[in-house]
Amino acid sequence: MRRTGSLVTVVLLSAVGVLLLGACGTLRAGSDGAATAPTTPTESERWQTFAPIRVTAARLADDRRSLSVDAEVPGRGKTCVRDVKAVVTDTSDRTVWVQVTYSALTGGSPRSDCRTTATATAKVRLPSPLGHRVLSVDNFTAFTADGADPPHLRLCGELGCHPAPTGCTSASYDQAVMALDVPNHTSRGDEHCDGKWLVFDVSSRMGPACPEGAGPGCGASLADRWFFRAEKSGWQPIARSTKAGCTDVHGI
């Protein structure tokens, strides 16, 4: 009887051990000690490749070829993204194009730790030093080493990496419009420019959003005359008038 009781006890303990080992195969302890979901995709999920939400920074090592790119991706959990990488897709005398991608699970319910965002870094070696060329990442974000503080590259703005200097050119006029506090889709009239001073009229749509002539108020606009002075940073607006001529700006 004593042997039989011992045998039953051993069998029961073995069964409990098998159950515990089986549980270890489906749950993983998180960093906080809590159990987390398995990393194996479910039947409704699959890994798919995406471009990052946005690219935030880029750096070059001392060799001017080893590139690191910071990108915003979903979540802080270890199962949110994988295979973050950067690839050089093309080069020219003026530009180096780089594509950043990552893989994420799709098809299932979003995991709780993947509903926020995090920064991931992708690295790639350029075929040759970047030099004064523009680095274009994902065709939407541009960087340049000109005027940058190494190892960081300078993030270029909406007017490009090297905005047009002040002058009587269309590019400089576009730069002047962007310096104004005016609505989107503002149109620019004829310009009068002598290299030091610039004046043009801008017209902003007002009233209901409807085709011109479709009803009362459709196509209505507000016109202002703006005056600019050339500065090192670009055209600087100094006065605005709702009247023709230069009487108002002469007073200023």
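The values are calculated or read from the model by the stated rules, or taken from the named source; none is laboratory data. The structure displayed is predicted, hence computed values, not measured ones. Glycine gets a Cβ as well: all are built from the backbone with ideal geometry, and neighbour counts include every protein chain shown. Side chains included, ligands, DNA and RNA excluded: accessible areas come from the protein's heavy atoms. Shrake-Rupley method; radii C 1.70, N 1.55, O 1.52, S 1.80 Å.
Out of the residues in segment 95-105 that are in contact with a Phe, Trp or Tyr (Cβ under 8 Å, 6 or more places away or on another chain) and open to solvent by 20 Å² or more (accessible area, probe 1.4 Å), which is farthest from residue 132 (Cα to Cα)?
Of the residues in segment 95-105, the ones in contact with a Phe, Trp or Tyr (Cβ under 8 Å, 6 or more places away or on another chain) are 101-105.
So of that shortlist, the ones also open to solvent by 20 Å² or more (accessible area, probe 1.4 Å) come out as 101, 105.
On the way: 101: 25, 105: 39 Å.
This residue is 105.
One line per residue, one yes/no per condition, for (1) surrounded by 15 or more Cβ atoms within 10 Å (Cβ to Cβ); (2) under 21 Å from the mean Cα position of the chain (by Cα); (3) at pLDDT below 95:
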site: 56; (1), (2), (3): no, yes, no
site: 60; (1), (2), (3): yes, yes, no
site: 66; (1), (2), (3): no, no, no
site: 69; (1), (2), (3): yes, yes, no
site: 78; (1), (2), (3): no, no, yes
site: 89; (1), (2), (3): no, yes, no
site: 93; (1), (2), (3): no, no, no
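With the checklist (1) without any contact (Cβ under 8 Å) to a residue 60 or more places away in the chain; (2) assigned to a strand (DSSP E or B) in hand, flag the one item residue 105 doesn't pass.
(1)
Counting just the residues of segment 165-192 that are open to solvent by 40 Å² or more (accessible area, probe 1.4 Å) and part of a strand (DSSP E or B), which one comes out modelled with the lowest pLDDT?
187
Output the number of residues of segment 106-119 satisfying the condition of being surrounded by 15 or more Cβ atoms within 10 Å (Cβ to Cβ) and under 16 Å from residue 137 (Cα atoms). It would help to see each step written out before you state the result.
Our first condition is that a residue be surrounded by 15 or more Cβ atoms within 10 Å (Cβ to Cβ); within segment 106-119, this holds for 111, 113-114, 117-118.
Going one step further and asking which of them are under 16 Å from residue 137 (Cα atoms), we end up with none.
Matching residues across segment 106-119 total 0.
Given (1) assigned to a loop (DSSP other than H, G, I, E, B); (2) open to solvent by 60 Å² or more (accessible area, probe 1.4 Å); (3) at pLDDT below 85, identify the lone condition not met by residue 41.
(2)
Could you tell me which residue of segment 227-252 is nearest to residue 166 (Cα to Cα), considering only residues that are open to solvent by 80 Å² or more (accessible area, probe 1.4 Å) and among the hydroxyl-bearing types (Ser, Thr, Tyr)? It would help to see each step written out before you state the result.
Kept after step one, since they are open to solvent by 80 Å² or more (accessible area, probe 1.4 Å), are these residues of segment 227-252: 229, 232-233, 240, 242-244, 247, 250, 252.
Among the residues that remain, those that are also among the hydroxyl-bearing types (Ser, Thr, Tyr) are: 233, 242, 247.
Numbers: 233: 8, 242: 24, 247: 24 Å.
Of everything passing the filter in segment 227-252, 233 is nearest to residue 166 (Cα to Cα).
Take the residues of segment 151-164 that are open to solvent by 90 Å² or more (accessible area, probe 1.4 Å) and in a loop (DSSP other than H, G, I, E, B): which is farthest from residue 66 (Cα to Cα)?
Looking at the filtered set, the residue picked out is 158.
Taking the conditions exactly as written (without any contact (Cβ under 8 Å) to a residue 12 or more places away in the chain and out of contact with any helix residue (DSSP H, G or I) (no Cβ under 8 Å at 6 or more places or on another chain)), does residue 136 satisfy them or not?
Taking the combined requirement at face value, the residue does not satisfy it.
May I ask you to list the residues in segment 48-66 that are of a type in the set (S, T, N, Q) and farther than 19 Å from residue 83 by Cβ?
56, 66
Take residue 145 and tell me if it is in contact with a Phe, Trp or Tyr (Cβ under 9 Å, 6 or more places away or on another chain) and modelled with pLDDT of 85 or more.
no
What about residue 199, is it touching a His at 6+ places or on another chain (Cβ under 6 Å) and either more than 29 Å from residue 238 (Cβ to Cβ) or open to solvent by less than 80 Å² (accessible area, probe 1.4 Å) (or both)?
yes
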